[in-house]
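Okay, structure first, notes after.
The values are calculated or read from the model by the stated rules, or taken from the named source; none is laboratory data. In this text, all values refer to a predicted model and were calculated from it rather than measured experimentally. Using ideal geometry, Cβ is built from the backbone for each residue, glycine included, and neighbour counts are taken over all protein chains shown.
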Amino acid sequence: MADKEELRQQMIDAFEGADYPINSPMDLVPALPNGPSTRFESGDFSMTAMELNTKLGGGDFPYESPEAFVDDVMDQLEDQGHF
């Protein structure tokens, strides 16, 4: 089972280097340590940033902070039954 707080922190760490506010997922790519191949893992959950982008809705852009963006991502993942 995935540890949601661990995943949330991994995502915040990965996305915090972007220039906020962000207006699209493409604004995040330069901040990612391994670009779109950056992987987020915890327990039985494993997904790259590129996979996240394809599985999630468009989001509520713009986001003013990494925490606001990641909280929305986590809500969407939970709604989809990923944990």
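Within the stretch 18-41, is even one residue among the basic types (Lys, Arg), in a helix (DSSP H, G or I), within 11 Å of the chain's Cα centre (by Cα) and at pLDDT 95 or above?
no
Check Asp71, Asp19 and return the single one that is surrounded by 14 or more Cβ atoms within 10 Å (Cβ to Cβ) and either among the acidic types (Asp, Glu) or at positive phi (or both).
Asp71
When you look at Asp13, is it in contact (Cβ under 8 Å) with a residue 24 or more places away in the chain and surrounded by fewer than 17 Cβ atoms within 10 Å (Cβ to Cβ), yes or no?
no
Could you check, for the stretch 43-58, whether at least one of its residues is over 11 Å from the mean Cα position of the chain (by Cα), among the hydrophobic types (A, V, I, L, M, F, W, C), outside any loop (DSSP other than H, G, I, E, B) and surrounded by fewer than 18 Cβ atoms within 10 Å (Cβ to Cβ)?
Yes, there is a match, as at least one residue in the stretch 43-58 is over 11 Å from the mean Cα position of the chain (by Cα), among the hydrophobic types (A, V, I, L, M, F, W, C), outside any loop (DSSP other than H, G, I, E, B) and surrounded by fewer than 18 Cβ atoms within 10 Å (Cβ to Cβ).
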